[in-house]
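Visitor: Sharing a structure with you now.
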Amino acid sequence: MHANATAGTLRIEQLVKEYRPGQPVLKGIDLAVSGTGLTSIIGPSGTGKSTLIRCINRLVDPTAGRILLELQGQRVDMAQLRGSALRAARRHIGMVFQEYNLVERLTVLENLLTGRLGYLSAWRAWRRRFEAEDVAYALELLQTVGLADFATRRVDALSGGQRQRVGIARALMQRPAVLLADEPTSSLDPKTSVEIMEMLREQGRARGIPVLVNIHDVELARRYSDRIVGMTGGRVVYDGPPPGLQDAHLRQIYGGEAWLA
Ligand SMILES: Nc1ncnc2c1ncn2[C@@H]1O[C@H](COP(=O)(O)OP(=O)(O)O)[C@@H](O)[C@H]1O
Ligand SMILES: [Mg+2]
């Protein structure tokens, strides 16, 4: 496993994504995150939050713009990378998914050792040899996320909250410079959601890396974020600390009035 990454600086400039020509979903996003702290991206369904997160690690190819990532003193543009250079850069970006993206029939430990963002196929995962150092680190991370006793359990026997802890531990396994999470609490009950947000915030702090979370739950975002980015219609319309997010912003972001009552 590669050396510990230093905290990443991520700078997105004029990011545009069109799934269909002439119909941009992201209409020129500028966003920079660095140091430590949790940033939540809020906004209505279909506004491009997942597209934005997925452009950062290139699960989605951007149409235009730059995604500059500072890694150990070197700056790469994620939007331009291809092939092995892309795979290498991607390893510095941890990703947590709404639906966990774990391999159900593998154990928790195997998921940590093979998961790699869910980029590896299960077949390739099976063929991999595990190094003792990686196993030790995986067990340490399972302790960190409160799953020390679950290493040899199959994932399909776990609850949603436990699965998401595995998802977080798997992302941390890469020693990421940046941690991304796409609606990490949407499949979970309120109490578990709070635990997962706490864990994301704590792990970001402990490692000194920025955490970027898509979340449509405004109250959870307010409670756990150092910064909130409000998106609507493919643009950023609010960017600041939670207390600055007023009803007027929420009306602009989500539209309407009745739901604020
Ligand atoms: N793979 C895709 N192909 C075509 N359109 C897509 C694809 N993924 C998302 N979209 C469209 O892009 C828009 C933004 O989607 P998404 O990024 O998932 O928004 P959010 O995460 O905020 O709900 C939506 O209109 C969605 O239908
Ligand atoms: Mg989404």
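The values are calculated or read from the model by the stated rules, or taken from the named source; none is laboratory data. These figures come from a predicted structure and were not determined experimentally. All Cβ positions, glycine included, derive from the backbone under ideal geometry; neighbour counts span all protein chains shown. Accessible surface areas use protein heavy atoms only, side chains included; no ligands, DNA or RNA. Shrake-Rupley method; radii C 1.70, N 1.55, O 1.52, S 1.80 Å.
Visitor: Does any residue of segment 96-106 turn out to be within 30 Å of A151 (Cα to Cα), among the polar types (S, T, N, Q) and within 16 Å of ligand 1 (Cβ to nearest atom)?
Guide: Yes, because at least one residue in segment 96-106 is within 30 Å of A151 (Cα to Cα), among the polar types (S, T, N, Q) and within 16 Å of ligand 1 (Cβ to nearest atom).
Visitor: Return the residue satisfying two criteria in turn: it lies in segment 60-78 and is open to solvent by 50 Å² or more (accessible area, probe 1.4 Å) and modelled with pLDDT of 95 or more, and of such residues it is farthest from the chain's Cα centre (by Cα).
Guide: T63
Visitor: Take A7 and decide whether it is small (G, A, S), at pLDDT below 95 and touching a helix residue (DSSP H, G or I) at 6+ places or on another chain (Cβ under 8 Å).
Guide: When the stated conditions are applied, A7 passes them.
Visitor: OK, next. Here is a list: T36, T114, T9. Which entry is of a type in the set (V, I, T) and open to solvent by 60 Å² or more (accessible area, probe 1.4 Å)?
Guide: Only one candidate qualifies: T36.
Visitor: Right, next: Would you point out which residue out of R201, R222, R165, R170 is among the basic types (K, R) and over 29 Å from R87 (Cα atoms)?
Guide: Being among the basic types (K, R) and over 29 Å from R87 (Cα atoms) holds for just one of R201, R222, R165, R170, which is R222.
Visitor: Something else about it: Would you pick out the residues in segment 79-105 that are under 15 Å from L179 (Cα atoms) and open to solvent by less than 20 Å² (accessible area, probe 1.4 Å)?
Guide: A89, I93, G94, M95, V96, F97
Visitor: Going through segment 131-145 one residue at a time, which ones are open to solvent by 10 Å² or more (accessible area, probe 1.4 Å) and either among the hydrophobic types (A, V, I, L, M, F, W, C) or within 20 Å of the chain's Cα centre (by Cα) (or both)?
Guide: A132, V135, A136, L139, T144
Visitor: Any residue that is over 20 Å from the mean Cα position of the chain (by Cα) and within 23 Å of L10 (Cα to Cα) - is there at least one of those in segment 185-201?
Guide: Looking through segment 185-201, none of the residues is over 20 Å from the mean Cα position of the chain (by Cα) and within 23 Å of L10 (Cα to Cα).
Visitor: Continuing with this model, one more query. Six or more apart or on different chains, Cβ under 6 Å: which pairs go from a residue in segment 150-174 that's within 15 Å of A138 (Cβ to Cβ) to one that's of a type in the set (A, V, I, L, M, F, W, C) and open to solvent by 50 Å² or more (accessible area, probe 1.4 Å)? Could you list them?
Guide: No pair meets every condition.
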